[in-house]
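Chemist: Encoded as structure tokens, here's the structure I'll be asking about.
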Amino acid sequence: MSLQTDKIKEVIEKNMNLFENIRKELHNIAELSFEEYKTQKYIREKLTEWGIENFPVAKTGVIGIINNSDECVAVRADMDAILVEGKPRHCCGHDFHMAIVLGIAKTLIDIGYTGCVKFIFQPAEEGPGGAKKVIEEGGLKNPNVKKMIGFHVWPKLDVGMIEVSSGAIMASVDDFEIEFIGKGGHAAMPELTKNPIYPAIEFIQSANNFFSAFSKKVSPFHISFSSISSGETYNVIANTCKIKGTVRTFDTKVQDFIYQNIKKLAKCSAEKYNVQVDINYYFQYPPLINDSKIAAEFSKSAENILGKENVKRAEMSFTAEDFAFYCKQVPSFYFRLGIKENGKGENPLHSPSFDASEKCIFYGIYLVVNYLLTI
């Protein structure tokens, strides 16, 4: 371990009580997507206290900048909580993410780092896609982001370990609503109706059969039919039947292949039963694809301070993350940070029982600061 690394470790350890308190204070003001006003105020006050230029973005987000220049590296933390048991709670670890990125900023200031870094505290990761709004408002410009780092605390992965991957690590998200429009009437006189339930069932079965034939030939994907609704009582055939579902992939070509064929299959089912069909397909998030060069750089830096045995290969997850939008704009890298220790970090993300070892704050700061000093 180098003298430089020893110094970084010493500076972080000296401030750990501060960083742990920041995490607890952020935890206690948990707010939902695009409602993070108290969180925004808290972050801006900390950055200002430490002499770091900052300004609002994307309604309730914050951008901080040190050593302003033409180009920079960006580090992102998501800010929003989720609704759990009737109230906003940080059950996805975003309080840890914000504390770590604030800790990175403070540590870089304390060690006299001279490079330009942008700290993006992004609202609304949980659903609305706050990353898109940050990008639309020029959050990756002035200074221009040349590369970007993101991360997520990860249950059941030991503190002091990380998971890294080159290429796809998290899935795209596309949602769809398909409504078959028939002709309703009395259930005792079906010959006078066009029952929309039949083409809906036909479509689901034909889609399952069609896509299962490709499941081993292309990049992994999931198509899930999650809702089917029509009518309200026993003896009335409704006019319409609506299906809702979601598609997850790791490849934009597969994403388009599924989209095109869902449309074709729905239209074929409608024609077979002589009904109309209304297709709404929503491209939500692209797949999150890590830049291979940054992945190699970060992995090497992490191995030097954690040991090779503690830098694990990340398996692809069908969950999604709006950090993917940044990956489409600039070379980016996203890693998973271990949080399991002494009974903490065992429960899944979004669980009301989610918790994490506060030691992960140290490792999150330590890893990113060391990486920044290698580039």
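Chemist: Which loop trypsin sites (Lys or Arg not before Pro) in region 150-226, with loop taken from DSSP, have no more than 10 other Cβ atoms within 10 angstrom of their Cβ? Numbers along the way, then the final one.
Modeler: Details: sites: Lys156, Lys183, Lys194, Lys216, Lys217; in loops: Lys216, Lys217.
When the trypsin sites (Lys or Arg not before Pro) of region 150-226 are filtered for loop state and at most 10 Cβ neighbours within 10 Å, Lys216, Lys217 remain.
Chemist: Isolated Cys in the chain by the 4.7 Å beta carbon test?
Modeler: Result for the chain is Cys91, Cys92, Cys241, Cys268, Cys327, Cys360, no neighbouring Cys Cβ within the cutoff.
Chemist: With label points built 7 Å along Cα→Cβ from the Cα atoms of Glu136 and Thr252, find their separation and express it in nm.
Modeler: Between Glu136 and Thr252, the simple spin-label model gives 2.0 nm.
Chemist: Hey, another quick one. Rolling a 1.4 angstrom probe over the protein heavy atoms, how many square angstrom per residue are accessible across region 286-349?
Modeler: Per residue, region 286-349 has an accessible area of 46 Å².
Chemist: Relative to the present Cα-Cα distance, how much length would full extension add between Leu192 and His350 at 0.36 nm per residue of separation?
Modeler: Details: separation 158, 0.36 × 158 = 56.88 nm, distance 4.86 nm.
Working it through step by step, the gained length comes to 52.0 nm.
Chemist: Which value, in Å³ per residue, describes the convex hull spanned by the Cα atoms of region 1-134?
Modeler: On the way: hull volume 15.0 nm³, N = 134.
Considering the Cα atoms of region 1-134, their hull volume per residue is 112 Å³.
Chemist: Mind pulling the per residue volume of the convex hull built on the Cα atoms of region 101-149? Å³ is fine.
Modeler: On the way: hull volume 4.2 nm³, N = 49.
For region 101-149, the hull spanned by Cα atoms encloses 85 Å³ per residue.
Chemist: Rounded to two decimals, what is the ratio between the C-alpha radius of gyration of region 61-165 and 2.2 N^0.38 Å? List each step's numbers first, then the result.
Modeler: On the way: Rg = 14.8 Å, N = 105, 2.2 N^0.38 = 12.9 Å.
In units of the 2.2 N^0.38 Å rule of thumb, it is 1.15.
Chemist: Oh, and also: In square angstrom, rounded to the nearest 10, how much accessible surface does Glu346 have for a 1.4 Å probe?
Modeler: Probe radius 1.4 Å; accessible area of Glu346 about 70 Å².
Chemist: Within 10 Å, count the other beta carbons around each residue, average over each peptide in 246-258, 228-240, and list them highest first.
Modeler: 246-258, 228-240
Chemist: Right, another one. Would you be so kind as to identify which of Gly138, His97, Ile258 lies farthest towards the positive end of the dipole of the chain, taking Lys and Arg as +1 and Asp and Glu as -1 on Cβ and the Cα centre as origin?
Modeler: Ile258
Chemist: With the alpha-carbon atoms as the only input, what is the per residue convex hull volume for the chain in Å³? Could you put the intermediate results ahead of the total?
Modeler: Details: hull volume 56.8 nm³, N = 375.
It comes to 151 Å³ per residue, whole-number rounded.
Chemist: What's the angle, to the nearest 10 degrees (0 to 90), between helix 37-49's Cα axis and the longest principal axis of the chain?
Modeler: With rounding to tens, the tilt is 20 degrees.
Chemist: Something else now. In nm, what is the difference between 0.36 nm times the number of residues separating Gln4 and Tyr37 and their Cα-Cα distance? Present the calculation step by step, with values, prior to reporting the outcome.
Modeler: On the way: separation 33, 0.36 × 33 = 11.88 nm, distance 3.75 nm.
Separation in residues times 0.36 nm, less the Cα-Cα distance, equals 8.1 nm.
Chemist: Between Trp50 and Glu177, 0.36 nm times their residue separation minus their Cα-Cα distance comes to what?
Modeler: Numbers: separation 127, 0.36 × 127 = 45.72 nm, distance 4.88 nm.
That works out to 40.8 nm of additional length.
Chemist: By per-residue mean of other Cβ atoms within 10 Å, what is the highest-first order of 276-288, 34-46?
Modeler: Working: 276-288: 17.2, 34-46: 19.4.
Highest to lowest by the protection proxy: 34-46, 276-288.
Chemist: Taking the simple approach of a point 7 Å from Cα along Cα-to-Cβ for both Lys156 and Asn208, what is their distance in nm?
Modeler: Using points 7 Å along Cα→Cβ, the separation is 2.6 nm.
Chemist: Calculate for the chain the 222 nm mean residue ellipticity that helices alone would give, adding -39,500 (n - 2.57) per DSSP H run of length 4 or more and normalising by residue count, nearest 500 deg cm²/dmol.
Modeler: Working: 10 runs with 133 residues, N = 375.
It lands at -11500 deg cm²/dmol.
Chemist: Kindly provide the Kirkwood hydrodynamic radius of region 112-189 in Å, to one decimal, from all pairs of distinct alpha carbon atoms.
Modeler: Values: mean 1/r = 0.0556 Å⁻¹.
Computed over region 112-189, the radius equals 18.0 Å.
Chemist: Among DSSP bridges having both ends in region 39-125, what percentage is antiparallel? Round to the nearest 5.
Modeler: On the way: 13 of 19 bridges.
The antiparallel fraction comes to roughly 70 percent.
Chemist: Please compute P(r) over all alpha-carbon pairs of region 332-375, binned at 10 Å starting from zero, and give each bin as a whole-number percent.
Modeler: All Cα pairs, binned at 10 Å, distribute as 25, 44, 24, 7 percent.
Chemist: Using a 1.4 Å probe over the heavy atoms of the protein chains, calculate the carbon and sulfur portion of the accessible area of the chain as a whole percent. Present the calculation step by step, with values, prior to reporting the outcome.
Modeler: Working: 8120 of 16920 Å².
Reported share for carbon and sulfur atoms: 48 percent.
Chemist: Rg/Rh for region 279-344: what does it come to with C-alpha atoms and Rh from Kirkwood?
Modeler: Working: Rg = 15.1 Å, Rh = 14.1 Å.
That ratio equals 1.07.
The values are calculated or read from the model by the stated rules, or taken from the named source; none is laboratory data. Please read all numbers here as calculations on a predicted model, not as lab measurements. Here Cβ is always computed from backbone atoms with ideal geometry, including for glycine, and neighbour counts include all displayed protein chains. Remember, those area values only see protein heavy atoms, side chains included, never the ligands or the DNA or RNA. Shrake-Rupley method; radii C 1.70, N 1.55, O 1.52, S 1.80 Å.
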